[in-house]
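Scroll down for the structure; my scribbles are underneath it.
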Amino acid sequence: MNLNLTYEQLESYKQTGYLVLRNVFSEQEVRLWQAECDRLQSLEEYVNPLNLRVAFRQIANGEKMIEKFDPLLDVSPVFANLFQDERILAPLRDIYMDEPLLFKDKLIFKLPGNAGYTMHQDAAFWDTFPYEGLISVMVAIDGATKINGGLELFPGYHDKLRQKEPLRNFDAEEIAAIDASKGVIYETNPGDMILFSSLTPHQSGSNTSDSSRRQLFLTYSPTKNGQLYKAHYQHYIRYATRGVDATTLNKSYFK
């Protein structure tokens, strides 16, 4: 497998703000990831409301359902070394012309009944960092379709930060400035990969199917910007604990 991007792929990324790579990982690897997701979901010491690492969403019947692990790699031996896999690093290296360094890692479950995410740019949540260089890599653990809330990307809008305030998704005015007809919902198979800029607007719908849409998101930064991983999670804790009683933080911290 050729790990390096072609000239055409590099040009496509520059023009659209994202790149879809098919069949990057094997069926055997995917089956291992799926089993690991099941294991993580069963860990009561992590899957509880007092752990900042795990987020929940309320579905239509009022039940709260796990949404994500964020961060993930330090608690998962199976996923621990994936961020250093050359199948991920080589394409990023071609885009950066620099060595990629991990900035953020999270696992999104999107179980049946879970809502989607309205349109946003990731850069709005990372505006205290050099967001222009941040690229996220979505690794498909399950297949994604329109029915289970596949990722919808809007090409050609990655030239600037389009949100007036940070730490939120687009408002109605900002959504109206994006041509909805340009959005592409990418159906992916397990083992596929999508790279997209932190400035690329995207969204996803609810999972109305009877199967999960689990995806691993690894975000990178070029070496020229320095090691930002620990600084990002310090920032993330401040964001995640806004309005939380400080006396409860010892219980709410990452385990």
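A few notes on this one:
- Filter pass, residue 161 being closer than 30 Å to residue 34 by Cα, in contact with a helix residue (DSSP H, G or I) (Cβ under 9 Å, 6 or more places away or on another chain) and not polar (S, T, N, Q): no
- The criterion of being within 21 Å of residue 69 (Cβ to Cβ), in contact (Cβ under 8 Å) with a residue 24 or more places away in the chain and not aliphatic (A, V, I, L, M) holds for residue 104.
- Flag for residue 201 being in contact with an Asp or Glu (Cβ under 6 Å, 6 or more places away or on another chain) and of a type outside the set (A, V, I, L, M): no
- Residue that is surrounded by the most Cβ atoms within 10 Å (Cβ to Cβ) [pool: residues in region 137-182 that are assigned to a loop (DSSP other than H, G, I, E, B) and aliphatic (A, V, I, L, M)]: 141
- Residues in region 106-126 that are under 12 Å from the mean Cα position of the chain (by Cα), part of a loop (DSSP other than H, G, I, E, B) and among the aromatic types (Phe, Trp, Tyr): 1 in all.
- Flag for residue 92 being crowded, with 16+ Cβ neighbours inside 10 Å and at pLDDT 95 or above: yes
- Checked against the criterion of being over 19 Å from residue 189 (Cβ atoms) and touching a strand residue (DSSP E or B) at 6+ places or on another chain (Cβ under 8 Å), the candidates 10, 5 yield just one match: 5.
- In the set (1) in a helix (DSSP H, G or I); (2) in contact (Cβ under 8 Å) with a residue 40 or more places away in the chain, the condition left unmet by residue 247 is number (2).
- Inter-residue pairs, beta-carbon under 6 Å, first in contact (Cβ under 8 Å) with a residue 24 or more places away in the chain and in region 230-244, second among the hydrophobic types (A, V, I, L, M, F, W, C), 6+ apart: 232/103; 240/52
- Close pairs (7 angstrom Cβ cut-off, 6 or more residues apart or separate chains): buried (at least 16 other Cβ atoms within 10 Å of the Cβ) and at pLDDT 95 or above in region 57-84, small (Gly, Ala, Ser) and assigned to a strand (DSSP E or B) anywhere: 67/55; 68/55; 70/55
The values are calculated or read from the model by the stated rules, or taken from the named source; none is laboratory data. Everything numeric here is computed off the predicted structure, so don't read it as measured data. Quick reminder, even Gly has a Cβ in these numbers, built from the backbone with ideal geometry, and neighbours come from all protein chains shown.
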